[in-house]
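Worksheet: the structure to be examined is printed underneath.
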Amino acid sequence: MCVRLSVCLFAGAVLVAGCAGSHKSGAPATTSTPSVVSSTPSAPTSTHASPSALQAEANSTATGDIPDNQVFIGFHDAAAAYSMKYPEGWAQQGTGARVTFRDKNNIVRVVVMPGVRPTTASVRADLRRLAGAHVQSGPRLLSINGARVVKAVYTTASAPNADTGKRVTLLVDRYYLSRAGKEAIVDLGTPVGVDNVDAYRLMIESFRWR
């Protein structure tokens, strides 16, 4: 009788110990360090479509350089909240968020839209979507009047002239400027072979947010 009782007590002790060990191994770990997943946020991009690439008119009369004594006058648009100088005598088309100044195939266009601060990456992606544009340089960061600006240069070819079949190649400096949730894209185009560098520099350096 004593032997049987000892065996039963021993078996019971083993069973209790086994259950305790099994419960302990199945308990969730509380001392392990949680894994950290790091992610790099993507650069913000504008949800609004950028303006199309500038194109010359094949039937337009050829235009020479903007003369050194050219008079520039101020343009101010209260709705789009900016101002900029442009050559006196050039035709103006549009107002507000989209304005074009033109003298034959010398073309300057300003488009203002809601947008975020441009980066070289966002501009590069934007340029890839420009139909008919061939990027020549950039994008690169510049500082104009203390403001951060992104610049790129592209070319486009006009439709063929109806009589001669010739095309006009336009060389375009494109600038991306931003402030307070607005983005301005300024295209300054001139036919290849025409030198408007100084005049276009004056124009882009005259741009001011208001």
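The values are calculated or read from the model by the stated rules, or taken from the named source; none is laboratory data. Given the structure is predicted, the values throughout are model-derived calculations rather than measurements. In this analysis, Cβ positions are derived from the backbone assuming ideal geometry, glycine residues included, and neighbour counts consider all displayed protein chains. The area values use the complete protein model at the heavy-atom level, side chains included, leaving out ligands, DNA and RNA. Shrake-Rupley method; radii C 1.70, N 1.55, O 1.52, S 1.80 Å.
A compact table of results
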| item | result |
| --- | --- |
| Which listed residue, of Ser83, Ser137, is at pLDDT 95 or above, under 23 Å from Thr190 (Cβ atoms), among the small types (Gly, Ala, Ser) and surrounded by 14 or more Cβ atoms within 10 Å (Cβ to Cβ) | Ser83 |
| Filtered residues of segment 131-144 (kept if under 29 Å from Arg210 (Cα atoms) and in contact with a Ser or Thr (Cβ under 9 Å, 6 or more places away or on another chain)) | Gly138, Pro139, Arg140, Leu141 |
| Qualifying positions in segment 194-205 - among the small types (Gly, Ala, Ser) and surrounded by fewer than 16 Cβ atoms within 10 Å (Cβ to Cβ) | none |
| Residue identified as free of Cβ contacts under 8 Å to residues at least 24 places away in the same chain, under 19 Å from Ala49 (Cα atoms) and surrounded by 16 or more Cβ atoms within 10 Å (Cβ to Cβ) among Thr95, Thr100, Thr119 | Thr100 |
| Filter result for Arg208 (closer than 17 Å to Ser50 by Cα, open to solvent by 50 Å² or more (accessible area, probe 1.4 Å) and not polar (S, T, N, Q)) | no |
| Counted residues, segment 110-133 - those being within 27 Å of Ala58 (Cα to Cα) and either under 17 Å from the mean Cα position of the chain (by Cα) or aromatic (Phe, Trp, Tyr) (or both) | 9 |
| Selection count where residues are in contact (Cβ under 8 Å) with a residue 60 or more places away in the chain and either assigned to a helix (DSSP H, G or I) or surrounded by fewer than 17 Cβ atoms within 10 Å (Cβ to Cβ) (or both), scope segment 164-193 | 4 |
